[in-house]
Amino acid sequence: MRIGFIGLGKMGSGMAANLLKAGHEVSVYNRTPAKKSALIEQGAHDCPQVADACRGDAVITMLADDPAIENVAFSDKGLVSALKPGVIHICMSTISVALSQRLMQAHADAGQGYVAAPVFGRPDAAAAGKLFIVAAGAPAAVKACEPLFADLGQKTFLIGDQAPLAHLVKLSGNFLIASVIESLGEAMALIGKAGIDKHQYLDLLTSSLFTAPVYKTYGGMIAGETFEPAGFAAPLGLKDIRLALAASESLRVPMPLASLLRDRFLALLADGGDSSDWSGIARLAARDAGQ
C-alpha cells in the first residue's frame, strides 16, 4: 500500500520503519525535518508539506496531542482538504473523544475514510511491531487497514463502527496504567521505608498476584528509580488523564481516582518533572514518606 505517515516521534519513527520493512511505499512528514532522515535512508519518500503525504491509499497520524492533530487535519492544505475521496485517515494518536468525533464528521463530509486506531505499547514495542491496536470505524475502512495493523502490532481489537469509541477505550486504558503506577509507588514507599528491598518485593508481586506486563515494566522502573529518559513523558500523562476526565464529564461518570491522578501529575510537573517518564509520579509517594 502507499502510505503517508505524519509524526515521527519515539513511537511514530519505529512504526513507519516497520511499514517500510513490510514492503509498503511510505511517505513521511514531520514538523522537525531532521527526524525524517533515518527513514529516508531506509527508502521512505520525503514530504516537505502535509499535503505531500496525502497522495496514497491512507495516511497515518501519530502525533502528541489534540492541537497537533487539529493543525495537521484542519489547516490550509491539511488532511481534510488534501485527501482525495475514499482515502483513509488512520488516527493512531491518543486524542480526545470530542476531537475524534469532529474528525469522523469532517472526513465523512469530504467523502474520506476515518479509522481511529490508538495503540497500547511503549517505543520498544512500536519498534518491534508488537503494539496492541484498538480500532473502530466503518467496517470496510477498518478491513482495508488490517494489513497495516498486522505489520504494526501483535493484535488488533475491533471496538465497533463508531471511531471515537476507540479513543475512549485508549483513554480508559491509560487511566488504568496511571492507577497502577500510583498504587505501585505508594506500596513501594510503604515497604521501602520499612527496609524491605524493592526489587525483591517486585519479584514477589509479579511472580504471584500481579503477573501482567504493566506491573513488571513499571514496577522495575519504580524500584530502580529509572524515570529518565522518558518513554512516555509526564506532560503526556497529564494530558491523557485530563482527556479521560473530559470524557467522563461528558458522559456524567464520576472518576474520583482520575482527579487524584491529575493532581499527582501536576505535582510532578510543578517539581520540575517535565522530562520524567510518566511513571515518575511514583516518586512522589516516596518523597511524601520522607525517603
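A short reminder: the numbers here are calculations on the coordinates, not readings from a lab. Since the model is a prediction, treat every value here as computed from it, not as a measurement. No Cβ is skipped: glycine too gets one built from the backbone with ideal geometry, and neighbour counts run over all protein chains shown.
Key figures for this structure:
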read-out: Counted charge near residue 242, where neighbours are those whose Cβ lies closer than 12 Å (Asp, Glu -1; Lys, Arg +1); value: -3
read-out: The stretch 2-162, relative contact order in percent, only Cα pairs under 8 angstrom and at least six apart counted; value: 20
read-out: 3J(HN,Hα) from dihedral phi, the stretch 123-134, Karplus parametrisation 6.51/-1.76/1.60, rounded to Hz, x for glycine, proline; value: x, 5, 5, 5, 5, 8, x, 10, 6, 9, 10, 10
read-out: Residue-averaged [θ]222 nm for the chain, counting only DSSP H segments that reach four residues, each worth -39500 (n - 2.57); value: -16000 deg cm²/dmol
read-out: Close Lys-Lys pairs in the stretch 168-288, where close means Cα under 26 Å and separation is 8 or more or interchain; value: 5
read-out: Set of lysines with alpha-carbon distance to residue 36 below 23 Å, sequence-local pairs under 8 removed; value: 10, 21, 77, 130
read-out: Positive minus negative residues near residue 176 (Lys, Arg vs Asp, Glu; Cβ under 12 Å); value: -1
read-out: Trypsin sites (Lys or Arg not before Pro) restricted to DSSP loop in the stretch 222-262 with at most 15 other C-beta within 10 Å; value: 252
read-out: Amide proton proximity set for residue 26, modelled H, under 5 Å, gap of 5+; value: 3, 45
read-out: DSSP bridge orientation in the chain - percent antiparallel, rounded to nearest 5; value: 15
read-out: Simple label model, 7 Å out from Cα along Cβ direction - residue 209 to residue 288, nm; value: 1.9
read-out: Considering only the stretch 2-162, percent of DSSP beta bridges that pair antiparallel, nearest 5; value: 15
read-out: Distant-in-sequence amide H partners of residue 113 (H built 1.01 Å from N, under 5 Å); value: 86, 87, 88, 89
read-out: For the stretch 204-218, 3J(HN,Hα) per residue [Karplus equation, 6.51 cos²θ - 1.76 cosθ + 1.60, θ = phi - 60°, Hz, x = Gly/Pro]; value: 4, 4, 7, 9, 9, 7, 10, 8, 5, x, 4, 6, 5, 5, 6
read-out: Hz values of 3J(HN,Hα) by residue in the stretch 257-272 - Karplus curve (6.51, -1.76, 1.60), Gly and Pro given as x; value: 5, 5, 5, 4, 5, 4, 5, 5, 5, 4, 5, 5, 5, 5, 8, x
read-out: Cα-based equivalent ellipsoid, the chain: semi-axes from gyration tensor eigenvalues, Å; value: 35, 20, 17
read-out: Placed amide H near residue 160: partners under 5 Å, 5+ positions off or other chain; value: 137
read-out: Rel. contact order, % - alpha carbon contacts under 8 angstrom, at least six apart, the stretch 168-288; value: 40
read-out: Length released on extending from residue 225 to residue 25, taking residue separation times 0.36 nm less the Cα-Cα span; value: 67.9 nm
read-out: Gain upon complete extension [residue 270, residue 1; 0.36 nm per residue less C-alpha separation]; value: 92.3 nm
read-out: In the stretch 1-88, trypsin sites (Lys or Arg not before Pro) in a DSSP loop with at most 16 other beta-carbon atoms within 10 Å; value: 31, 55, 77
read-out: For the stretch 1-78 versus the stretch 152-190, the gap between their alpha-carbon centres in whole angstrom; value: 25
